[in-house]
Structure formats: C-alpha cells, structure tokens
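Asks: Next up is a structure, given as structure tokens.
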Amino acid sequence: MQWIYGAIFLISLILLPLYFYIVRKKQNEPWLLILFTCVSTVNLGYTMIAFSNTVEFALFANKIAYLGQVFIPLCMFMIVSKLCGYTYKKWVNGVLIALAILMLSIVSTSGYLDWYYTDASIESIAGATVLHKEYGVLHPTNLIYVIMYFVAMIAVLGTSIKQRKVASQKHAAIMLAVVVGNIGIWCVQKIIPWSFELLSIIYLMSALSFLCIQCMLQDYVHKRDIPKYTPKEQRMLGVQITSMSMEEKIARVLTFVSNEDPLSIREREILELILANQKRKDIAITLHLSENTVKTYTRTLYSKLGVTCREDLYSLLLEV
C-alpha cells in the first residue's frame, strides 16, 4: 500500500506542469495553481506517513499533509466563486488565509501539546504505516472549518444557478458534484474507520475535475445569453448605440467573431466593460487584474474582432 500512496503523489505532481501547459497559456488562475500545489503537498504527507518508522516522523509527515489540507477548502471555494461570477475584496481573502494559517497552527501543536491530539501511535497495515490518533479538545475546530467551506460553496453554487450567473448549468452541476463528492468521502472517512486515506484520491479527483471545467470554460461564450435576430429585426434596432442594451451590443459584436476562434470568458468580460465605456484602469480594478494583463487581453480581443482600437470596436455596432 506504500506504493499506492507514492503513485498518487506522483500523479498529483503532474498537475503542476499541466496547469502551465493548459491553463496558464490563456489566463492566470492563481487559486487553481495553489490548489494543485496543496494536493501535491497533501499526498506527499500521506506518502511519508506510509513509509514512517517512528511516531515522531509520522506526526511530522501528518503536519505536511495538513499544510496542504487546510488550504484546499479555501482554494476550492475561491475557484467555485470565480467560476460562478463572484469576486471578493482583498480583506476577505486576507481573513480566509489567516483562518487557514490559524488552523494549521493548531494542528502543528501535535507532538508538543495535547490540544489537537492527546496521543498518537503507528501500526503497519498491508505494508504501510498507519497513524492512529486520539483527539484532543481542539480537534472539532477542523470539523467546523471544513463544514464552513462546504456550506459556503453550496450556497455560492445554489445562488449562482438560481441567478444564472454560471456560464453553463452543466458546468455548475459538475462543480456541485465535486463539492458533494468531497462531503460524502469526508463523512465516510470520519464515520467508518479506514486504514487507507480516501482523501488522497478524492483531492486528486477534485483537482482534475476543476482542471477539466477550467479547460471547458476558457473558450466558452455565453451563447444562451445572446439574443437571436433576423436581418429585418437587426435593421429595426437602429444605429443609436446609446439606446442599445448590453445584450444587443454583445450580439452585434459577436457576429464578427469566428466560430473557430471564439472569445474566452475573460475576453467576454473585458468586451462588456469596454462597451460600458470603462477605461483600462477601471477594468483592471473591476476584474482584480493588473493593467498590463487587461492590455494583453484587450489586444487579443481586438485581434479576434479585426479591429485596432475602441473606435473601431464601437463602429462594429453600426455595421450589422
């Protein structure tokens, strides 16, 4: 069983180059990268426990596993929120990171204080070392911490599905399945004693699921939100840009986008803000990006539309 943990750890390491090869080429998603790093860290800890010869080393390896584990719910929450169209102010991110660090500090007392574990021992099962723990008074804090994020993710998903903020209901269903799957496996692990850490597999599967969702959404355009017009209806819309709704503007502009090279989600967001007459600095603040990043996406957007500046973009509204 030692080598099963080792194999899972090696597979989780592959996630990191996959991020840079698949995701980073088109847009930066730092929480996804942190999630992949945390999953690798967790599985490194589980592998080290499986090969441990002493309680002290097993407890040290357990802390490494927790180093990744406490940040995984935070990463998943941030990824789900962003995919559902929600962003948070920097102070909110700071508070959530501080809570994760506090949780890690509590776990790190094991071996020195009896707050989290009152006692620990090791046993060899099927060729792998298993760490048995007796829980202390502060151990329920981890339960509260994890449940808080599960509830928050389900609330975000439920609200976004109701408000149709997600790009696709199918993608929302996949995200919901990932979250519910984590809840189910986590509960099974707590209720039924297992000699194998099922979380090592579920974390890896969750990371792969989010990678797949990210790949699907990178080139997804909200076609369901774009109204369909006949040529006669298009002429009846008139040429007064100020009287057009955002849906009408987007529909007109997207007629100039090739089906072979559709807009990414980020390009669609920037297009909407440009059509709303926001400047680059304002767009950067709205999307929590740097101005250089906005400039890069704008350049790609203009290239796909065959224009070179805002004036050319606005003129497209009059050509349909």
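The values are calculated or read from the model by the stated rules, or taken from the named source; none is laboratory data. The structure presented is a predicted model; accordingly, all values stated were derived computationally and were not measured. A quick note on method: Cβ atoms are made from the backbone with ideal geometry, for glycine too, and the neighbour counts reach across all protein chains shown.
Asks: So Asn28 clears everything in (1) in a helix (DSSP H, G or I); (2) under 26 Å from Glu291 (Cβ atoms) except one condition, right? Which one?
Replies: (1)
Asks: Next question, about the same structure. Could you list all residues from segment 258-281 that are part of a helix (DSSP H, G or I), surrounded by 14 or more Cβ atoms within 10 Å (Cβ to Cβ) and without any contact (Cβ under 8 Å) to a residue 60 or more places away in the chain?
Replies: Residues satisfying the conditions are Glu267, Arg268, Glu269, Ile270, Leu271, Glu272, Leu273, Ile274, Leu275, Arg280.
Asks: Here's another thing I want to ask about it. For Tyr203, all conditions in the list (1) at pLDDT 55 or above; (2) over 17 Å from the mean Cα position of the chain (by Cα) hold save one; what is the number of the exception?
Replies: (2)
Asks: Would you check if there is a residue in segment 67-84 being assigned by TED's automatic domain parsing to the domain that holds Leu211, more than 22 Å from the chain's Cα centre (by Cα) and over 14 Å from Ile201 (Cα atoms)?
Replies: No, segment 67-84 contains no residue that is assigned by TED's automatic domain parsing to the domain that holds Leu211, more than 22 Å from the chain's Cα centre (by Cα) and over 14 Å from Ile201 (Cα atoms).
Asks: Which one of these is farther than 30 Å from Leu138 by Cα and at pLDDT 90 or above: Ile64, Ile22, Ile14?
Replies: From the options Ile64, Ile22, Ile14, the qualifying one is Ile14.
Asks: Shifting gears a bit: Out of Thr308, Thr298, which single residue is β-branched (Val, Ile, Thr) and surrounded by 14 or more Cβ atoms within 10 Å (Cβ to Cβ)?
Replies: Thr298
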